[in-house]
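Rule-based calculations on the coordinates, nothing more; no lab input. Everything quoted here is computed from the prediction, not taken from an experiment. Glycine also receives a Cβ, built like all others from the backbone with ideal geometry; neighbour counts cover every protein chain displayed.
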Amino acid sequence: MAEDISGKTGGKAGGTATGPFRKIEHIGIAVRDLDEAVARYERTMGTSCYKRETVESEGVDTAFFRVGESKIELLAATRDDSPVARFLEKRGEGMHHMAFEVDDIHAEMERCRMLGCTLLSETPRPGADNKLVAFLHPKEHHGVLIELCQAI
Ligand code: CO
């Protein structure tokens, strides 16, 4: 059995206990052409996109695929000044964020704020796929933009 190096005590035997991040809810991938990307991912993953949704407040068009208990979210910009458009301009296509499911997004935002994480918004915002979402800046997480999400 692998050794639990978390330093925590009181977890379940076998190191199966997790923290307040319940699971990787989805991984977000920034793409230039959503239709083309959906067709490509449908072929490769052997499954159909189950939802497409535009979140106008974030300037983003999204498409979702199920992968076991996680999802893939393809993201394309709906306008040139949206965060995803700026990401594509700077870094090109590729992995954009990793989303963790939490039970209480307000509590988790506060917990992360107390730890010194930079939050990209003061309060949770409505995201795609019936979620409240908030983002943690990538600079404190080794280059990864982290999304906290709670089902609504
Ligand atoms: Co997301």
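Here are the numbers:
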read-out	value
Kirkwood-based Rg to Rh ratio, segment 23-151, C-alpha trace	0.95
Pairwise centroid distance, computed over Cα atoms, of segment 17-88 with segment 91-152, Å	15 Å
By average C-beta atoms within 10 angstrom, highest first, the peptides 77-85, 132-140	132-140, 77-85
Long-range amide H partners of His96 with built H, under 5 Å	Gly28, Ile29, Ala30
